[in-house]
1. Using only Cα positions of region 5-202, each an equal point scatterer, no hydration layer, compute I(q)/I(0) via Debye at q = 0.09, 0.14, 0.16 Å⁻¹ and quote the log10 values to two decimals.
2. Tell me, what is the FRET efficiency for Asp170 and Lys12 to the nearest 0.05, using R0 = 22 angstrom and their Cβ-Cβ distance as r?
3. Treat each spin label as a single point 7 Å out from the Cα along the C-beta direction, and report the Asp216 to Arg47 distance in nm.
4. So, R0 is 30 Å and r is the distance between the beta-carbons of Asp66 and Thr160; what FRET efficiency does that work out to, to 0.05?
5. Per q in 0.10, 0.22, 0.23 Å⁻¹, report the Debye log10 I(q)/I(0) for region 1-113, using one uniform scatterer on each alpha carbon and no solvent.
6. Distance cut-off 25 Å, Cα to Cα: go down the list Lys10/Lys96; Lys30/Lys96; Lys133/Lys215 and report the pairs above it.
7. Average projected area of the Cα convex hull of region 77-179, in nm²?
Amino acid sequence: MAMPERLIGKLKLPLISAPMFLVSGPELVKACCNAGVIGSFPSLNARPIEQLDEWLEQMNADLAADDTMAPYAMNIIVHRSNPRVEEDVERAVRHKVPIVITSVGHPGDVVERVHAYGGLVFHDVIHIHHAKKAIEAGVDGVILVTNGAGGHAGTINPFTLIPQVREFYDGCILMAGTLSNGRAIRAAEVLGADFAYMGTRFIATKESYADQAYKDMLVECEASDIVYTNQVSGINANFMNPHWTPPVLTPWRVAKKTSRLVSTNRKTNRRHGKMCGARAKAWAKFTTCQRWLNWLIG
């Protein structure tokens, strides 16, 4: 296995708190880093974009003041549908973000720019051919988003995906999907992963941005309450079943052409905005999670 050299000795656990849309922010990232694991957040959680500068300046100041802290990571959606991608990458370079996590697109340009200042790039994938493309682009590690992961997830079982990727890749592998405790982290290592990539476990924390209803639902639901569907964002993802029954679905309609749930509530649209602040995205009212909910209390 191959943990990046610059991370050796910096962590208490081989764990990354995954970046979660509308959940991960500076408080959660700092708490994770203080605990000796890598905290991360999506760049799009900082809005307007000027707030991203403030967050990165503070995180870098915290790291400079305490050399026992683990480094942090920022997730950037590199797909062309993200109108902020260039601005976010520019800020990652300017602030020398230690680890950049790329998703939903080709990481090539980002890899070159981040490596230029000495940063690391991890890229998330759900298929072997995506992994090969990311590796060819020079990433420092691939995040294998396996069956059961929270939010946008793959369908391949980790017992299959990790060994197959290990056959042609001796670099850093991060496993995402159904991880919730130390036993699961160890199991990921036995499978051949270098890191566990865990998100849902951190949602019901005091530092997360999730509202209390979301946190309560995580505690109350079980694995049988999870729905895997593309009817929210157009990409298959795991959601909690209670959000698929009235009255939660009342302000939503199914868009026939896009097969997505689109809000008809103008107030909701104004409040949540698009990815960078325009029109509401369908998933703003839906709660995602992994399929390990039965382990949440264990």
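1. -0.29, -0.74, -0.99
2. Computed FRET efficiency for Asp170 and Lys12 comes out at 0.30.
3. Taking the simple label geometry, Asp216 and Arg47 are separated by 2.6 nm.
4. E(calc), rounded to 0.05, equals 0.15.
5. -0.27, -1.30, -1.39
6. With Cα atoms farther than 25 Å apart: Lys133/Lys215.
7. 6.5
Quick note: the coordinates plus some simple rules give every number you see, no bench work behind them. No experiment lies behind these values; they were computed from the predicted model shown. As a convention, Cβ positions derive from the backbone with ideal geometry for all residues, glycine included, and neighbour counts pool all protein chains shown.
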